[in-house]
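Have a look at the structure below before the remarks.
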Amino acid sequence: MPGQKKNPVVSVVVPCFNEEASLPELYRRLKKVLQTTRKSHEMILVNDGSRDSTWQHMESLARRDSSVVAIDLSRNFGHQIALSAGLKLARGQYVLILDADLQDPPELLPEMIELMKRESADVVYGQRRSREGESKFKLLTATFFYRLLRRMTDVDIPLDTGDFRLMSRRALRIINDMPEHHRFIRGMVGWIGFHQIPVLYDRKERFAGATKYPFKRMLKFALDAITGFSTVPLRLAVYSGLIAGLVAVALMIYVLGSWMSGHVVQGWTSLTMIVLWISSLQLLISGVMGEYLGRLYLESKRRPLFIIKGALRHGKHSDLQ
């Protein structure tokens, strides 16, 4: 149609939460890289309910540069939902996921595009050789989590990877069609299959600001990943119940045998310990089942994944809902 703008070849999706200090450097480096690709492009910056001036910076960038798409969500929905909002609005044939903290280098984009074309791949994911500026505790828990998750699921989720990856339009279309609310994007990308290849890199320290993943949020993220891609916790609950039942039968036989032989079984302390152990086991099993049921309940509501409060595309306010 006359006057209709062509879709860009490359889209870069960047979820942002309180990233006012990083945005200028992010834009500078990302714009430089996109220009070297000599392809039409768009930068989709998603404001995830920031409490600083992140949105004002985004508006300014979008008015100065027509390739910047600024999305303002109505509240803080979380990193994975903000990322999903950006992916839903991306129009490029190649779509790069990038965090605003610049720990993952945007300069790898040309290499990733070339690798995707040469290998006929649908996904090129960044795999970390090293991680600078992170505590030993975080490194240890991340190493343990990814190896545990790989053992618990049938989905091939590569070790030492985050959301930093380049996807084809075909892969993106399938991801956007997945309706779940408790999202674990790297697991969803692994689930779709297709040809996926790594590119190795060294992860740097945050350019500015503090981590947006404290322990509490990391724990929730881990729960979303495990319950979204594995039923092993439910099976473990069944096995634990069976073991507890066998132990109870064995204790019952022991008590009856002692009574029939005329020996009184001594010790209310041991009895109390057994009751407490069985009770805690029951609560643990109920908690695991409740976690899955709660997620089913929330999914059944069919609420929208996100709500857009405001958006700018081509330097103008736009309705992107």
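The values are calculated or read from the model by the stated rules, or taken from the named source; none is laboratory data. Since the structure is predicted, the reported quantities are computational estimates derived from the model, not experimental observations. Glycine gets a Cβ as well: all are built from the backbone with ideal geometry, and neighbour counts include every protein chain shown.
General observations
- Screening VAL46, VAL95 for residues that are within 19 Å of LYS6 (Cα to Cα), at pLDDT 90 or above, touching a strand residue (DSSP E or B) at 6+ places or on another chain (Cβ under 6 Å) and buried (at least 22 other Cβ atoms within 10 Å of the Cβ) leaves exactly one candidate, VAL95.
- Of all the criteria given as (1) of a type in the set (Val, Ile, Thr); (2) buried (at least 19 other Cβ atoms within 10 Å of the Cβ); (3) touching a Pro at 6+ places or on another chain (Cβ under 9 Å), the one not satisfied by VAL69 is (3).
- Residue selected from the stretch 13-41 under the condition of a type in the set (Val, Ile, Thr) and within 20 Å of GLY78 (Cβ to Cβ), by the criterion surrounded by the most Cβ atoms within 10 Å (Cβ to Cβ): VAL13
- The set of residues in the stretch 100-121 that are surrounded by 19 or more Cβ atoms within 10 Å (Cβ to Cβ) and either among the aromatic types (Phe, Trp, Tyr) or in contact with a strand residue (DSSP E or B) (Cβ under 7 Å, 6 or more places away or on another chain) (or both) comprises ALA100, GLN103, ASP104, LEU108, LEU109, MET112, ILE113, MET116, ALA121.
- Leading residue by the ranking (surrounded by the most Cβ atoms within 10 Å (Cβ to Cβ)) among those in the stretch 164-204 that are among the charged types (D, E, K, R) and assigned to a loop (DSSP other than H, G, I, E, B): ARG183
- Matching residues in the stretch 273-321 - criterion: being part of a loop (DSSP other than H, G, I, E, B), modelled with pLDDT of 70 or more and closer than 17 Å to ILE44 by Cβ: LEU305, PHE306, ILE307, HIS314
- Subset of the stretch 158-169 (residues that are out of contact with any Asp or Glu (no Cβ under 6 Å at 6 or more places or on another chain) and in contact (Cβ under 8 Å) with a residue 40 or more places away in the chain): PRO158, GLY162, ASP163, ARG165, LEU166, MET167, ARG169
- The number of residues in the stretch 142-165 being under 15 Å from ARG128 (Cα atoms) and either touching a Gly at 6+ places or on another chain (Cβ under 8 Å) or modelled with pLDDT of 75 or more (or both) comes to 9.
- Inter-residue pairs, beta-carbon under 8 Å, first over 15 Å from ILE243 (Cβ atoms) and outside the structural domain of LEU246 (by TED's automatic domain parsing) and in the stretch 269-290, second hydrophobic (A, V, I, L, M, F, W, C) and at pLDDT below 70, 6+ apart: none
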